[in-house]
Amino acid sequence: MFKGLGDRLEDIFKSLKGKGRLTEDDVNQAMREVKMALLEADVNFKVVKDFVAQVKARSIGQDVLDSLSPAQQVIKIVKDELTELLGGTQAKINISSKPPTIIMLVGLQGAGKTTTAGKLAKLLSKQGRRPLLVAGDIYRPAAIKQLQVLGEQLKMPVFTMGQEDPVKIATSAVENANHTGRDLVIIDTAGRLHINEELMDELANIKSSVKPHEILLVVDAMTGQEAVNVADTFNQKLGLDGIIMTKLDGDARGGAALSVRKVTGCPIKFAGMGEKLDALEPFTLTEWPIEFWAWGMY
Ligand SMILES: Nc1nc2c(ncn2[C@@H]2O[C@H](COP(=O)(O)OP(=O)(O)OP(=O)(O)O)[C@@H](O)[C@H]2O)c(=O)[nH]1
Ligand SMILES: [Mg+2]
């Protein structure tokens with residue numbers, strides 16, 4: 001997914017290394033190219049601006065330019081700042097010491113919440129958890145059925161109460177998990193086409209009634225820059241614990257992931273890599289940008 005960006009950075013670094021000594025102009029030129037590469041990868045403009053300013057400030061000091069291997073140092077600074085931007089590897093789900101652990105999935109319509117609920121249930125059951133899937137989307141009639149079908153495929157229980165109030169559904173589901181020995185509750189919630197107050201209020205009410213250990217925002221990577229606004233709003237209203245980027249198997253340019261991480265300060269915990277139930281992967285730094293780390297360019 002980040003291949004294009006990785007290739008671009010690699011070219012920029014090659015030309016820096018070819019120069020031997022570096023002047024301030026060389027660094028400025030390289031940073032202009034880095035900026036274009038990030039923008040073309042769909043990274044948010046403000047994030048790019050701050051990033052480049054930060055790298056420049058660290059690179060233009062005489063201690064770097066006068067050093068024996070200035071290009072290497074500049075490349076290392078870019079890499080460090082990218083690492084900082086992505087926030088390291090944090091694919092872990094916080095498991096509560098007092099079961100059940102409650103995970104709530106939120107996000108806009110079609111982002112992949114319901115599918116991701118099934119994927120997470122599968123992944124975490126492999127780690128020994130006993131999930132209960134909860135049908136908290138009462139608006140789209142097919143939503144409950146969709147989750148039930150996933151439950152059947154996974155041979156896992158699905159808790160539904162039809163069109164009952166979602167807060168009631170969530171609290172009853174947690175009680176049910178307690179009675180039936182399920183130690184993980186995954187709540188699927190309704191989406192909307194756009195962010196609206198009604199949805200946010202409903203989600204905030206579910207939050208305050210069951211106090212989830214993890215509120216994860218499911219974001220469609222294909223939505224590009226819009227993902228940043230969405231993530232920012234959900235984070236302000238709900239206080240997110242993490243983000244799951246879906247559809248990274250498509251031709252999303254990946255920059256949205258960087259931007260979302262930076263704007264919300266929330267770790268991207270998983271990447272959805274397809275429609276199948278096992279297409280959920282931990283989002284790790286080493287995937288990004290692949291050629292760049294793998295070839296030890298710095
Ligand atoms: N290619 C690809 N498709 C995905 C991924 N995750 C979900 N999808 C597809 O995206 C579509 C929407 O997924 P849902 O899980 O129904 O999305 P949702 O957020 O629950 O949607 P609403 O309930 O309508 O708000 C489905 O066709 C999924 O198969 C992914 O990682 N990659
Ligand atoms: Mg859904």
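The values are calculated or read from the model by the stated rules, or taken from the named source; none is laboratory data. All figures in this text were calculated on a predicted structure; none of them were measured in a lab. Quick reminder, even Gly has a Cβ in these numbers, built from the backbone with ideal geometry, and neighbours come from all protein chains shown.
At a glance:
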| read-out | value |
| --- | --- |
| Enumeration of residues in region 179-200 that are exposed (fewer than 14 other Cβ atoms within 10 Å of the Cβ) and either modelled with pLDDT of 95 or more or among the basic types (Lys, Arg) (or both) | HIS179, THR180, GLY181 |
| Number of positions in region 182-201 that are within 14 Å of ligand 2 (Cβ to nearest atom) and in contact with a strand residue (DSSP E or B) (Cβ under 9 Å, 6 or more places away or on another chain) | 7 |
| Criterion (within 20 Å of LYS211 (Cβ to Cβ), in contact with a Pro (Cβ under 7 Å, 6 or more places away or on another chain) and in the same structural domain as GLY274 (by TED's automatic domain parsing)) met by exactly one of VAL167, VAL185 | VAL185 |
| Check on ALA121, touching a strand residue (DSSP E or B) at 6+ places or on another chain (Cβ under 6 Å), assigned to a helix (DSSP H, G or I) and away from ligand 2 (no atom under 12 Å from the Cβ) | yes |
| Every residue from region 224-240 that is more than 16 Å from ligand 2 (Cβ to nearest atom) and surrounded by 18 or more Cβ atoms within 10 Å (Cβ to Cβ) | ALA227, VAL228, ALA231, ASN235, LEU238, LEU240 |
| ALA117 being within 16 Å of ligand 1 (Cβ to nearest atom) and buried (at least 20 other Cβ atoms within 10 Å of the Cβ) | yes |
| Condition met for ALA142 (assigned by TED's automatic domain parsing to the domain that holds ASP232, within 16 Å of ligand 1 (Cβ to nearest atom) and part of a helix (DSSP H, G or I)) | yes |
| From the options VAL149, VAL158, residue that is among the aliphatic types (A, V, I, L, M), within 25 Å of PRO99 (Cβ to Cβ), within 16 Å of ligand 1 (Cβ to nearest atom) and surrounded by 13 or more Cβ atoms within 10 Å (Cβ to Cβ) | VAL158 |
